[in-house]
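Enquirer: Take this structure, written in structure tokens, and hold onto it; I'll ask about it next.
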Amino acid sequence: MQDTQNQPDTRGIAIDKVGVKNLRFPLRIRDRDHAEQSTVAVVSLAVDLPHHFKGTHMSRFVEVLHAHGSVLNVADIAGMPQELLQRLHAEKAHVEFKFPYFRRKKAPVTGAEGLLDYGVIFEVNASKEEVDFAVTVEVPVTTLCPCSKAISARGAHNQRGNVTLAVRFTTPVWVEDLIELVEASASSELFSVLKRPDEKAVTETAYDNPVFVEDLVRNVAARLKVHPHITWFKVEAENYESIHNHNAWAVVEGDNRKTADA
């Protein structure tokens, strides 16, 4: 049969990434307690395309994904870009798995248990010479405004926020460790189940630990700068303001390799 994808293209324009995205696939993740959690990932797979080729072979992306069976693990994901390079004769490959990750958390006073979901992204970019693996976690938190607390005779406004933390590393880090690092940097962590004594404790904890959105990203960055295994990070925080019609937002990016070389 005629292979249209391999026909020449005369426009002289190379494509940075071409492939498939928004493909759902089962994923099995080992957690810090050495148990396994099953989830469903939204997958993107791509390669570069030289200017002289008309198209890529889309079916080969799905074949590489399915070659690992019905359930993938982290090692499968890390090695997948190299498989794409070989199957599609490419110079660069990109793989992204985005999925919900659940943690069972106990309320601070009563110990009532509930599941809280976090967003996780595994992103791998590879060439024939090197592989770049980045992990991103999306962590919901509570923040309380220091200015509101300072100027108010009664109470202070607080809000739920979301922190997106991406890291590169020399030694793999647990998703749970990254989540806890972010939660420790906020006014309070979130819980899915709170009885009245728990709600009182969470409210008072936030009141005792006020942070601006600027404080939040700086707190996370300060912890990451001294982390022995983190080589690069980007932390972004967005507060869904409770008394404004806008969100507060801040970003800090850091490269620990530059610090080590200085």
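The values are calculated or read from the model by the stated rules, or taken from the named source; none is laboratory data. Keep in mind the model is a prediction, meaning the values are calculated, not measured. For neighbour counting, all protein chains shown are included, and Cβ atoms are generated from backbone atoms with ideal geometry for every residue, glycine included.
Enquirer: State yes or no: is HIS51 in a loop (DSSP other than H, G, I, E, B) and either modelled with pLDDT of 85 or more or surrounded by 11 or more Cβ atoms within 10 Å (Cβ to Cβ) (or both)? Break it down into steps so the answer makes sense when it comes.
Expert: Details: in a loop (DSSP other than H, G, I, E, B): yes; either modelled with pLDDT of 85 or more or surrounded by 11 or more Cβ atoms within 10 Å (Cβ to Cβ) (or both): yes.
Judged against the criteria, HIS51 is a match.
Enquirer: Hey, another quick one. Looking at this structure, is VAL235 touching a helix residue (DSSP H, G or I) at 6+ places or on another chain (Cβ under 6 Å), under 20 Å from SER187 (Cα atoms) and either charged (D, E, K, R) or not in a loop (DSSP other than H, G, I, E, B) (or both)?
Expert: Details: touching a helix residue (DSSP H, G or I) at 6+ places or on another chain (Cβ under 6 Å): yes; under 20 Å from SER187 (Cα atoms): yes; either charged (D, E, K, R) or not in a loop (DSSP other than H, G, I, E, B) (or both): yes.
Answer is yes for this residue.
Enquirer: Under 9 Å by Cβ, and 6 or more places apart or on different chains, what pairs join a residue from the range 243-258 that is in the same structural domain as HIS227 (by TED's automatic domain parsing) and part of a loop (DSSP other than H, G, I, E, B) with one that is surrounded by 13 or more Cβ atoms within 10 Å (Cβ to Cβ) and acidic (Asp, Glu)?
Expert: Pairs found: ASN247/GLU238; ASN247/GLU241.
Enquirer: For the range 84-99, which residues satisfy the criterion of being touching a strand residue (DSSP E or B) at 6+ places or on another chain (Cβ under 8 Å) and not hydrophobic (A, V, I, L, M, F, W, C)? Walk me through it before giving the result.
Expert: Step one: filter the range 84-99 for residues touching a strand residue (DSSP E or B) at 6+ places or on another chain (Cβ under 8 Å), giving 84-85, 88, 90-99.
Residues satisfying the conditions are GLU91, LYS92, HIS94, GLU96, LYS98.
Enquirer: Can you tell me which residue in the range 17-48 is surrounded by the fewest Cβ atoms within 10 Å (Cβ to Cβ), limited to those that are over 24 Å from VAL173 (Cβ atoms) and hydrophobic (A, V, I, L, M, F, W, C)?
Expert: So the first thing to find is which residues in the range 17-48 are over 24 Å from VAL173 (Cβ atoms), and the list is 17-24, 45-48.
Now drop any that are not hydrophobic (A, V, I, L, M, F, W, C), which leaves 18, 20, 23, 45-47.
Values: VAL18: 17, VAL20: 16, LEU23: 14, LEU45: 25, ALA46: 24, VAL47: 26.
Ranking the candidates gives LEU23 first.
Enquirer: Right, here's the next one. Can you tell me which residue is modelled with the lowest pLDDT among those in the range 80-98 that are over 23 Å from the mean Cα position of the chain (by Cα) and not hydrophobic (A, V, I, L, M, F, W, C)?
Expert: HIS89
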